[in-house]
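I have placed the structure first, in the form of structure tokens, so that the comments after it can refer back to it.
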Amino acid sequence: MAVSARREELVDRALDLFYRHGFHATGIDRILAESGVAKMTLYKHFKSKDELILAALKRRDEKFRTWFMREIERRGRSPRERLLVVFDILAVWFASREFRGCMFVNAASEFHEAGDPIHRAAAEHKRLIRDFLKRLATEAGAREPDAVAGALNLLLEGAIAVAHVAGDASAASDARAAAEILINRALG
């Protein structure tokens, strides 16, 4: 296995383990054992566990946002419809076997200091999702796209929390119903 392939396997395995078990609960030895990568290889690519966590969060951000945005663009025929499809895509995610809540909320709660690089990476992911919602609201002709994005983001985050904590996958459809009222008002 090439050095870059080992790094990629290490990041992928760490991402999976961190998402399933948490950041603090997942030790380096377990990541190494499950990835088949030597400790020397780990430290060739990452100076610390925190650097590996940041790489895993970056990978998760890229994978999630790419999937999320593509699915919305693919399923939503009009700008207004894309705003609502956001919640249909959440329903797909909630129904998947891999759903374990939001990895970025988990990261921010385990690394709660606002200045911590891991906390900042989680906050950046949330900002990028909100920016995407603002873009969708702007394309749909919302009078106040920033306010619409903020409200939709709250519905999205609330749905994720309810689906994860209460195990209620219908949170996506409940959030969609609320979003439809909000969007109808915002778009006139």
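The values are calculated or read from the model by the stated rules, or taken from the named source; none is laboratory data. Predicted model, so just to flag it, every value in this text is computed and none were measured. So basically every Cβ, Gly included, is an ideal-geometry build from the backbone, and we count neighbours across all protein chains shown. The protein model used for the area step is the full one, side chains on, heavy atoms only, and it has no ligands, DNA or RNA in it. Shrake-Rupley method; radii C 1.70, N 1.55, O 1.52, S 1.80 Å.
What do you reckon, is E73 more than 28 Å from S170 (Cα to Cα) and of a type in the set (D, E)?
Numbers: more than 28 Å from S170 (Cα to Cα): no; of a type in the set (D, E): yes.
No.
For beta carbons closer than 7 Å, sequence separation of 6+ or different chains, a first residue in the range 31-45 that is among the basic types (K, R) and a second that is in a helix (DSSP H, G or I), the qualifying pairs are K39/L32. Of the residues I160, I183, which is within 16 Å of E81 (Cβ to Cβ), of a type in the set (V, I, T), in contact (Cβ under 8 Å) with a residue 60 or more places away in the chain and in a helix (DSSP H, G or I)? Exactly one residue qualifies, and that residue is I183. The number of residues in the range 20-72 that are at pLDDT 95 or above and in contact with an Asp or Glu (Cβ under 8 Å, 6 or more places away or on another chain) comes to 5. Counting only helices (runs of 4 or more DSSP H) that sit wholly inside the range 1-112, those with at least 2 residues that are open to solvent by 30 Å² or more (accessible area, probe 1.4 Å), under 30 Å from N184 (Cβ atoms) and in contact with a helix residue (DSSP H, G or I) (Cβ under 8 Å, 6 or more places away or on another chain) are 49-75, 79-95. Restricting attention to the range 133-147, the residues that are open to solvent by 10 Å² or more (accessible area, probe 1.4 Å), of a type outside the set (S, T, Y) and either without any contact (Cβ under 8 Å) to a residue 12 or more places away in the chain or part of a helix (DSSP H, G or I) (or both) add up to 6.
Could you count how many residues in the range 37-57 are over 27 Å from G101 (Cα atoms) and not basic (K, R)?
Our first condition is that a residue be over 27 Å from G101 (Cα atoms); within the range 37-57, this holds for 37-45, 47.
If we keep only those that are not basic (K, R) too, we end up with 37-38, 40-43, 45.
Total meeting the criteria: 7.
Pairs linking a residue in the range 63-88 that is acidic (D, E) to a residue that is modelled with pLDDT of 95 or more, with Cβ atoms under 6 Å and 6 or more positions apart or on different chains, are E71/I89.
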